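Participant: Input: one structure, supplied below.
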Amino acid sequence: MMRKWLAVLIPLVLIVVMSSFSTSSSGAAEPGYIPVEQTPDTKVVYIEQLNSLADGKNELTVDEIQWYEGEAAEQAFLKHEPDAGIDGPPDGYYIVNEDHELMSYPIAENAKILMQIYDRTGDIEDMDIQWDEQVTLEQFKSILENAEWIDVRDFPFHITVKDGTIVQIVQQYIP
C-alpha cells in the first residue's frame, strides 16, 4: 500500500522540483521515453535490497509486481479500481502488487544496469532524466544507498534473469 502511494507521490514531487521539464499524462508521450522490452526472462520488480555476499558476489532481493502501460494499464485499472470515478490511471501506467513474496537473485558481474533518474551530484537541481544511462554495479550500490533526495527503490525496475542470474537491470521511468 505504501509503495502504491509513493508511486504517485514521487512523480508529483519531481514535477515540482524539476519545473524545467514539461510532463505529460502519459509516459509514452514523454520525449525520449521508450518502454522497456518485455521478454519471457523479464520481471518487473521493486528492489528491497542489494547484498554483498561473502564470496564477493552480489544478490538482489526483489518484490515482483505487474506493470501496465497504455491500454493495458487502463484495463488493469478498471478491473482493480472499478469505483475510482475516473476512466483510467492518471499517468498512463498502473501497478499491481498482490503478492509481496520476496525473491533473491545473484547479479552477474557484467550485468548491464540502466538508470533514468537519480541523485548524481547531491544537488537537487541537477536531478534530471538521462535516458538509459549505464552505471556500474558499484555505482548502482551507491545510488541505492543514497536516499537523501530520491529513493530509487520507490521506482519499478525491469530485471532480466537468465539461468537464475540477473544479467540486466533497467529503472522504469514514471511520469
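The values are calculated or read from the model by the stated rules, or taken from the named source; none is laboratory data. Given the structure is predicted, the values throughout are model-derived calculations rather than measurements. Cβ atoms come from the backbone with ideal geometry, glycine included; neighbour counts cover every protein chain shown.
Participant: Within the stretch 137-157, is there a residue that is surrounded by 12 or more Cβ atoms within 10 Å (Cβ to Cβ), under 17 Å from the mean Cα position of the chain (by Cα) and farther than 18 Å from Tyr46 by Cα?
Facilitator: yes
Participant: Residue check: is Glu71 within 17 Å of Glu37 (Cα to Cα), touching a Lys or Arg at 6+ places or on another chain (Cβ under 6 Å) and either assigned to a loop (DSSP other than H, G, I, E, B) or not hydrophobic (A, V, I, L, M, F, W, C) (or both)?
Facilitator: No, not satisfied.
Participant: A further question on this structure: Among the residues of the stretch 135-157, are any touching a strand residue (DSSP E or B) at 6+ places or on another chain (Cβ under 6 Å) and either in a strand (DSSP E or B) or at pLDDT below 95 (or both)?
Facilitator: yes
Participant: Further question on the same structure: Of the residues Tyr94, Tyr68, Tyr46, only one is at pLDDT 95 or above and in contact with a His (Cβ under 9 Å, 6 or more places away or on another chain); which?
Facilitator: The match here is Tyr94.
Participant: What are the residues in the stretch 104-124 that are without any contact (Cβ under 8 Å) to a residue 60 or more places away in the chain, not aromatic (Phe, Trp, Tyr) and not in a strand (DSSP E or B), if any?
Facilitator: If the condition is that a residue be without any contact (Cβ under 8 Å) to a residue 60 or more places away in the chain, not aromatic (Phe, Trp, Tyr) and not in a strand (DSSP E or B), then Gln116, Asp119, Arg120, Thr121, Gly122, Asp123 are the ones that fit.
Participant: Just give me the residues in the stretch 90-128 being touching a Leu at 6+ places or on another chain (Cβ under 9 Å) and of a type in the set (Val, Ile, Thr), in sequence order.
Facilitator: Ile107, Ile113, Ile117
Participant: Also: When the stretch 30-62 is examined, which residues are found to be closer than 11 Å to Ile159 by Cα and either surrounded by 17 or more Cβ atoms within 10 Å (Cβ to Cβ) or among the polar types (S, T, N, Q) (or both)?
Facilitator: Listed by number, the residues that qualify are Val36, Gln38, Thr39, Thr42, Lys43, Val44, Val45, Tyr46, Ile47, Leu60, Val62.
Participant: Pairs please, first residue from the stretch 85-103 and in a loop (DSSP other than H, G, I, E, B), second anywhere and among the hydrophobic types (A, V, I, L, M, F, W, C), Cβ atoms under 6 Å, 6+ apart in sequence or on different chains.
Facilitator: The qualifying pairs are Gly88/Phe77; Pro89/Ala73; Pro89/Phe77; Asn97/Ile65.
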